[in-house]
2 protein chains.
Amino acid sequence: MLLTSRTSSDGVTEQLFSLPFTFGEIPGVLWTPDGAAGPRPLILMGHGGGQHKKAPGIVARARRFAAECGFAVVAVDAPAHGDRPSAAEHDRIIAELRTRARNGGDLVPVLTEFHALLAGQAVPEWRAVLDAVGDLDHVGVGPVGYWGMSMGCGLGIPFIADEPRIRAAVLGLLGSADMAEAAARITVPVEFLVQCNDETVPRATSLALFDLFASTEKTLHANPGRHGEIPRFELGSAVRFFTRHLG
Amino acid sequence: MLLTSRTSSDGVTEQLFSLPFTFGEIPGVLWTPDGAAGPRPLILMGHGGGQHKKAPGIVARARRFAAECGFAVVAVDAPAHGDRPSAAEHDRIIAELRTRARNGGDLVPVLTEFHALLAGQAVPEWRAVLDAVGDLDHVGVGPVGYWGMSMGCGLGIPFIADEPRIRAAVLGLLGSADMAEAAARITVPVEFLVQCNDETVPRATSLALFDLFASTEKTLHANPGRHGEIPRFELGSAVRFFTRHLG
């Protein structure tokens, strides 16, 4: 893995990296507390659809996990997102999503297809990312958490189901059509976020997805507001959830 | 108000009291941090049906609110509970509840009737309790929170709706048949707990009650388990919720 830059502000060091993988490179970001040395818990963050590794919601949360918990945090551009090329198949689905969004059509079956396509690529990539950052002295091999909303939840579910290094996950903003089989194989503690006025995910389907997780400890937090309006206090809750399970 | 005893352990002072009210006495408990002096936020706790002011779930939470937040906490026996006499009307409803519980009948309409009957007594009593403890030097007149599950939620809703001293509430384990009109008049921040396998409150009715609150900030926490199996980490969440809104 090639670390391409290093900056620091407010006690958190941010390093961009590029990880060679199959036929290309995975561009990513690693956040750690300034002066970090030795192994520590790691949180892998999966961004939402149309976003990228440095979307504001990812950066703000990552910096807080690093500063407040002392954890390492990593995010990469998902396939067809951020600095990565998209294939014809991606473009076809994205065009279909845009058409349906414009015409008020049903997005769910297309999102489900898109997530399944991307997960096939993202899951092995994330495994490679965990391997690579585990070799860094200031990350090492410790317990790993996963944070992902919306598409980050859809791609995260099959990853968590098959990746024993993941010990706890904060997920949400997704319904039961997505990854139901994999969801039923998840046994780690889950904190699951629902927005009651989500314009793309009906609340009943979110509850149905929550019900599928096989985890003994799972907690659902529902708040008023639309898809993108998770209240600020939920970040504090995620900090404490990860601290309890990884710290 | 007559303070009848005073004990202290683990940094928390517990004082039993008896407050004269209309034709009888309201027996209660006040918890404060040892050595407390001057005004501080207060939490009023409403116990569940069949419980009393010193039920283990009340005491454990009250001691933590006092020790960790530095707050005063008060609980009283609800009418027909604990050390208080029950009237013929109470006894009739309680007998009907027992019969239905034994025969698998529908408890909801009887519980709703019971809560409405008790609330008519409990709400003015709680106002008197707030007045009385506000006169104590180590409680004073500060922001007030309300905590109540199940019957404590059912009696709390009409109280909170009409009592401007209440600034935030942790409620739950109750469905929408109860106090719907009053719930729609609640505007303070609410944290609302739901047990997904609640044997007495169907989840859909809990969600419907949550939807009724007019609060801009309201957050629903749903966890697996039966009515009495709220996970321990929810107490930490309540501590932070009250600290954020009363502290």
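Taking the criterion of being surrounded by 11 or more Cβ atoms within 10 Å (Cβ to Cβ) and over 15 Å from B:S176 (Cα atoms), the residues of segment B:100-110 that qualify are B:R100, B:A101, B:G105. Is there a residue in segment A:66-78 that is surrounded by fewer than 16 Cβ atoms within 10 Å (Cβ to Cβ) and either at pLDDT 95 or above or among the charged types (D, E, K, R) (or both)? Yes, because at least one residue in segment A:66-78 is surrounded by fewer than 16 Cβ atoms within 10 Å (Cβ to Cβ) and either at pLDDT 95 or above or among the charged types (D, E, K, R) (or both).
Residues in segment A:122-153 that are of a type in the set (G, A, S), more than 20 Å from A:T112 (Cα to Cα) and crowded, with 24+ Cβ neighbours inside 10 Å: A:G145 alone. In the set (1) away from chain A (no Cβ under 14 Å); (2) outside any loop (DSSP other than H, G, I, E, B); (3) among the charged types (D, E, K, R), B:D137 fails one condition alone, (2). Considering A:G154, A:G142, A:G105, A:G148, the condition of being in a loop (DSSP other than H, G, I, E, B), of a type outside the set (A, V, I, L, M) and in contact with a Leu (Cβ under 8 Å, 6 or more places away or on another chain) is satisfied by A:G142 alone. Checking each residue in segment A:111-120 for being surrounded by fewer than 19 Cβ atoms within 10 Å (Cβ to Cβ) and not hydroxyl-bearing (S, T, Y) picks out A:E113, A:A116, A:L117, A:G120.
If you filter segment B:221-246 down to residues that are over 17 Å from the mean Cα position of the chain (by Cα) and of a type in the set (A, V, I, L, M, F, W, C), you find that the one that is surrounded by the fewest Cβ atoms within 10 Å (Cβ to Cβ) is B:F233.
Is segment A:196-210 home to any residue that is within 11 Å of chain B (Cβ to nearest Cβ) and within 15 Å of the chain's Cα centre (by Cα)? Explain how you work it out, then say what you get.
From segment A:196-210, those within 11 Å of chain B (Cβ to nearest Cβ) are A:196-197, A:203-204, A:206-207, A:210; that's our starting set.
Still in the running and within 15 Å of the chain's Cα centre (by Cα): none.
For segment A:196-210, residues within 11 Å of chain B (Cβ to nearest Cβ) and within 15 Å of the chain's Cα centre (by Cα): absent.
Looking at the structure I just gave you, is A:S176 hydroxyl-bearing (S, T, Y), in a loop (DSSP other than H, G, I, E, B) and closer than 18 Å to A:L212 by Cα? So A:S176 fits the description; yes. Checked against the criteria, A:A161 does not count as assigned to a strand (DSSP E or B) and at pLDDT 95 or above.
Among the residues here, B:T200 does not qualify as part of a loop (DSSP other than H, G, I, E, B), at pLDDT 95 or above and either in contact with a Leu (Cβ under 6 Å, 6 or more places away or on another chain) or among the hydroxyl-bearing types (S, T, Y) (or both). Among the numbered conditions (1) of a type in the set (S, T, Y); (2) more than 11 Å from chain B (Cβ to nearest Cβ); (3) not in a helix (DSSP H, G or I), the only one that A:T219 does not meet is (2).
Does segment A:154-173 contain any residue that is surrounded by fewer than 17 Cβ atoms within 10 Å (Cβ to Cβ), under 27 Å from B:A214 (Cβ atoms), free of Cβ contacts under 8 Å to residues at least 60 places away in the same chain and within 14 Å of another protein chain (Cβ to nearest Cβ)? Checked against the condition, which is being surrounded by fewer than 17 Cβ atoms within 10 Å (Cβ to Cβ), under 27 Å from B:A214 (Cβ atoms), free of Cβ contacts under 8 Å to residues at least 60 places away in the same chain and within 14 Å of another protein chain (Cβ to nearest Cβ), segment A:154-173 yields no hits at all.
The values are calculated or read from the model by the stated rules, or taken from the named source; none is laboratory data. Here the structure is a predicted model, which means the values were calculated and not measured. Positions of Cβ are generated from backbone atoms using ideal geometry, with glycine treated the same way; all protein chains shown enter the neighbour counts.
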